[in-house]
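First comes the structure, then the notes that go with it.
The values are calculated or read from the model by the stated rules, or taken from the named source; none is laboratory data. In this text the structure is predicted, and so the values were computed from the model without any measurement. Quick reminder, even Gly has a Cβ in these numbers, built from the backbone with ideal geometry, and neighbours come from all protein chains shown. Ligands, DNA and RNA are stripped out before the accessible areas are found, and what is left, the full protein with its side chains, is counted by its heavy atoms. Shrake-Rupley method; radii C 1.70, N 1.55, O 1.52, S 1.80 Å.
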Amino acid sequence: KVTKEDKLKLVLLYSLRYERAGDMPLGALIQGLYEAGLGSDKVSLVNAVTQQAGASARRGDVFNNQSFLAKARSSVKRGFGGVTNVYTQHEPLLAAILDDTIRGRLRLEEYPVVHGTPPQSCREVVVFIAGGATYEESKCVAEINGYIAGTAQENSFTASARAASKMNGTRIILGGSTIHNSSSYLQEVSKKQTMMSTS
């Protein structure tokens, strides 16, 4: 059985993934949430999350579909990955960032250096995510470090970063102000939305 909260999460993901598509039926999806019995406090999270985490508020190719190379890589993964579970195809953006960091290819336009020049290779990378990391990002870092058996696809950023990390002897340390799951993240967005409406 699909719960009301699961329906909300699906609409949230859909709205983030296809927000720039001109023919996105978001109005009908929002109406469906009301019909499913969700109140306006929950349904308003669709707009709040899009404002906070939408394309205009984020950097990078979160859904790995913006550049020609990303689209090609995605189709190679679909064609040759031997994926047994379609839900495990997604990788967090952190995987691509760490792959570029370990290989010395991080773009300075997006990730400027405070002083000096960026190192071409590093032994230790510390990542701190203000606002909170996710369990998926934690799993990705554990796979790159070799602490857990890799479940990443053969052509994935995680597998690539793991290979580079092993070759360079690089270790990743992940920190954050909290560890989020979808429910805790939506609670944070809801709190922020309440604070913004009362001020």
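Tabulated data for the structure shown
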| quantity | calculated |
| --- | --- |
| All positions within the range 46-65 that are modelled with pLDDT of 70 or more and either touching an Asp or Glu at 6+ places or on another chain (Cβ under 7 Å) or surrounded by 12 or more Cβ atoms within 10 Å (Cβ to Cβ) (or both) | VAL46, ASN47, ALA48, VAL49, THR50, GLN51, GLN52, ALA53, GLY54, ALA55 |
| Residue under evaluation SER183, criteria (1) closer than 23 Å to ALA55 by Cβ; (2) modelled with pLDDT of 90 or more, criterion not met | (1) |
| Residue check for SER160: of a type in the set (Ser, Thr, Tyr) and within 20 Å of the chain's Cα centre (by Cα) | yes |
| Pair list, Cβ under 8 Å, 6 or more apart: the range 188-199 residue among the hydroxyl-bearing types (Ser, Thr, Tyr), other residue open to solvent by less than 90 Å² (accessible area, probe 1.4 Å) and at pLDDT 80 or above | SER190/LEU45; SER190/ALA48 |
| Residue match in the range 165-172 (condition: in a helix (DSSP H, G or I), exposed (fewer than 14 other Cβ atoms within 10 Å of the Cβ) and within 20 Å of the chain's Cα centre (by Cα)) | no |
| Subset of the range 183-199 (residues that are touching a Ser or Thr at 6+ places or on another chain (Cβ under 9 Å) and open to solvent by 50 Å² or more (accessible area, probe 1.4 Å)) | TYR185, GLU188, GLN193 |
| The range 140-164, residues that are in a loop (DSSP other than H, G, I, E, B) and either open to solvent by 30 Å² or more (accessible area, probe 1.4 Å) or touching an Asp or Glu at 6+ places or on another chain (Cβ under 7 Å) (or both) | GLY146, TYR147, ILE148, ALA149, GLY150, THR151, ALA152, GLU154, ASN155, SER156 |
| Number of the condition not met by GLY131 [criteria: (1) surrounded by 12 or more Cβ atoms within 10 Å (Cβ to Cβ); (2) touching a helix residue (DSSP H, G or I) at 6+ places or on another chain (Cβ under 8 Å); (3) not charged (D, E, K, R)] | (1) |
| Single condition GLY116 does not satisfy, out of (1) open to solvent by 30 Å² or more (accessible area, probe 1.4 Å); (2) at pLDDT 90 or above; (3) at positive phi | (2) |
| Residue list for the range 100-110, filter: in a loop (DSSP other than H, G, I, E, B) and either among the aliphatic types (A, V, I, L, M) or in contact with a Lys or Arg (Cβ under 9 Å, 6 or more places away or on another chain) (or both) | LEU106, LEU108, GLU110 |
| Which listed residue, of GLY39, GLY82, is at pLDDT 75 or above and either closer than 19 Å to ALA95 by Cα or among the small types (Gly, Ala, Ser) (or both) | GLY39 |
| Extreme residue, most open to solvent (accessible area, probe 1.4 Å), among residues of the range 1-45 that are touching a residue at least 12 places away in the same chain (Cβ under 8 Å) and in a loop (DSSP other than H, G, I, E, B) | ARG20 |
